[in-house]
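One structure is given here, and the rest of the page talks about it.
The values are calculated or read from the model by the stated rules, or taken from the named source; none is laboratory data. It should be emphasised that the depicted structure is a prediction, and the values quoted were computed from it without experimental measurement. Cβ placement follows ideal geometry from the backbone for every residue including glycine, while neighbour counts extend to all protein chains displayed.
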Amino acid sequence: MTAAPIAQAAGRLAPLHVRGELLAGRRVGAFHHLTLAAPGVPERFRPGTFVALSVGETHLARRAFWIHQVKPMGGHGATIQIVVEPVGVGTRWLTGLPTGTGLDVTGPLGRAFALPKEAVSCVLIGEEYAAAPLFPLAERLRERGCRVSMIVAGRDEAHLLSTLEAKRSARSVTVVTRDGSIGQKGSVADVVGDVLRREEAAVVYGAGTVSSLHAVAAAAEEHGAWSQTAIEQPLTCATGLCHGCAVPVVGEDGAPRLARACADGPVFRGDRVRWDEVGK
Ligand SMILES: Cc1cc2nc3c(=O)[nH]c(=O)nc-3n(C[C@H](O)[C@H](O)[C@H](O)COP(=O)(O)OP(=O)(O)OC[C@H]3O[C@@H](n4cnc5c(N)ncnc54)[C@H](O)[C@@H]3O)c2cc1C
């Protein structure tokens, strides 16, 4: 691997805890795209950060969501968009809300993706809703003159996020589905090595399941590229206090230690994560 082509992970502004509002929601395939007013949060956003939303009538439980887009909307100024897959009590509650509902929003939380120092070739690999933070990342990379290619993956067509937008954002897009309903049939692991070689990738960004991220980090290492992986560990406090979202990593000194996904991550250098031990 050559000298680090990426800057240190960007510093961050303190997250805000604000009363937000659900402004709009629309269903696309298996996902709901929700637009939220969250005063002050969009201005602090960097790709790879997330928000914690209080869900349920009691507002006691909080759930984490990647910030997908920051866009102006009508008289609300900048808003944030998140992509939600209804899988359990909290996400079903959220996706069933009428527009105009007030929501407690904390964010942006976590450490963002680090950006390359130079205009290099970057491959962005996103699986299902977790591809959400890669779209604003693609925009930032293109602004820096980087060549951007994407792999968009999912179990089937309904679980692919914004393939059309990917085609607008990236120079080349590889679509892969487990059931072969669209694109190549297979998994991230099946295609990532070929794409990194073809694109002569210098920096690789991944967001998805642990097994896919493991494959991304391994392929990047084999190819001599740097990898940045956004890891989803179930979060309790989401602010770094409870240490409930431990990610096994190798520290700067080479010693194994536990990092907090919410505060030290969720973006980690792929070659620093002890992948076989994540979630154990
Ligand atoms: C940093 C981060 C960003 C996230 N971004 C998004 C997003 O953009 N969109 C989205 O839909 N979801 C996202 N998630 C996942 C989402 O927060 C969880 O799935 C959440 O628990 C769902 O809440 P629930 O009450 O609906 O379901 P729960 O009742 O909490 O869980 C439903 C099912 O999902 C499993 N589960 C819970 N948390 C996780 C997790 N983190 N990873 C894998 N499985 C889990 C549970 O074991 C259960 O089987 C993110 C998680 C993290 C940590």
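Points worth noting:
- Meets criteria (of a type outside the set (Gly, Ala, Ser), in the same structural domain as ALA225 (by TED's automatic domain parsing), more than 13 Å from the ligand (Cβ to nearest atom) and closer than 21 Å to PHE50 by Cα) for ARG140: yes
- Top-ranked residue of region 199-243 - restricted to ones that are assigned to a strand (DSSP E or B), more than 16 Å from the ligand (Cβ to nearest atom) and among the β-branched types (Val, Ile, Thr), ranked as surrounded by the most Cβ atoms within 10 Å (Cβ to Cβ): VAL204
- Residues of region 116-130 that are surrounded by fewer than 24 Cβ atoms within 10 Å (Cβ to Cβ) and touching a Cys at 6+ places or on another chain (Cβ under 9 Å): PRO116, GLU118, ALA119, VAL120, SER121.
- Just one residue in the set GLY154, GLY126, GLY186, GLY110 is out of contact with any Lys or Arg (no Cβ under 9 Å at 6 or more places or on another chain) and of a type outside the set (A, V, I, L, M); that residue is GLY126.
- Just one of the listed residues (ALA119, ALA30) is hydrophobic (A, V, I, L, M, F, W, C) and either away from the ligand (no atom under 14 Å from the Cβ) or closer than 26 Å to ASP264 by Cβ (or both), and it is ALA119.
- Residues satisfying the stated conditions in region 54-76, i.e. over 30 Å from PRO116 (Cα atoms) and either among the charged types (D, E, K, R) or more than 9 Å from the ligand (Cβ to nearest atom) (or both): SER54, GLU57, THR58, HIS59, LEU60, ARG62, ARG63, MET73, GLY74, GLY75, HIS76
- Region 241-264 - residue that is in contact with a Cys (Cβ under 8 Å, 6 or more places away or on another chain) and of a type outside the set (A, V, I, L, M, F, W, C) and, of those, modelled with the highest pLDDT: ARG260
- In the set ALA230, ALA219, only one residue is over 15 Å from the mean Cα position of the chain (by Cα) and modelled with pLDDT of 95 or more; that residue is ALA219.
- Remark: GLY96 falls outside the filter, which requires a residue to be out of contact with any Phe, Trp or Tyr (no Cβ under 8 Å at 6 or more places or on another chain), of a type in the set (Gly, Ala, Ser) and at positive phi.
- Per-region count, region 244-275, residues more than 14 Å from the ligand (Cβ to nearest atom) and touching a Ser or Thr at 6+ places or on another chain (Cβ under 9 Å): 5
- Conditions (1) over 19 Å from the mean Cα position of the chain (by Cα); (2) without any contact (Cβ under 8 Å) to a residue 40 or more places away in the chain: number failed by ALA202: (2)
- Residue match in region 99-111 (condition: of a type in the set (S, T, N, Q), away from the ligand (no atom under 15 Å from the Cβ), within 28 Å of ASP264 (Cβ to Cβ) and in a strand (DSSP E or B)): no
- Among the candidates LEU34, LEU60, the residue that is touching a residue at least 24 places away in the same chain (Cβ under 8 Å) and either surrounded by fewer than 18 Cβ atoms within 10 Å (Cβ to Cβ) or over 21 Å from THR209 (Cβ atoms) (or both) is uniquely LEU34.
- Residue in region 204-221 that is among the charged types (D, E, K, R), assigned by TED's automatic domain parsing to the domain that holds ALA132 and out of contact with any helix residue (DSSP H, G or I) (no Cβ under 7 Å at 6 or more places or on another chain) present: no
- Within region 131-181, restricting attention to residues that are part of a loop (DSSP other than H, G, I, E, B) and of a type in the set (S, T, N, Q), the residue that is surrounded by the most Cβ atoms within 10 Å (Cβ to Cβ) is SER162.
- Test: CYS262 is under 20 Å from the mean Cα position of the chain (by Cα) and in a loop (DSSP other than H, G, I, E, B): yes
- Sole residue being within 14 Å of the ligand (Cβ to nearest atom), surrounded by fewer than 20 Cβ atoms within 10 Å (Cβ to Cβ) and under 18 Å from the mean Cα position of the chain (by Cα), chosen from THR91, THR95: THR91
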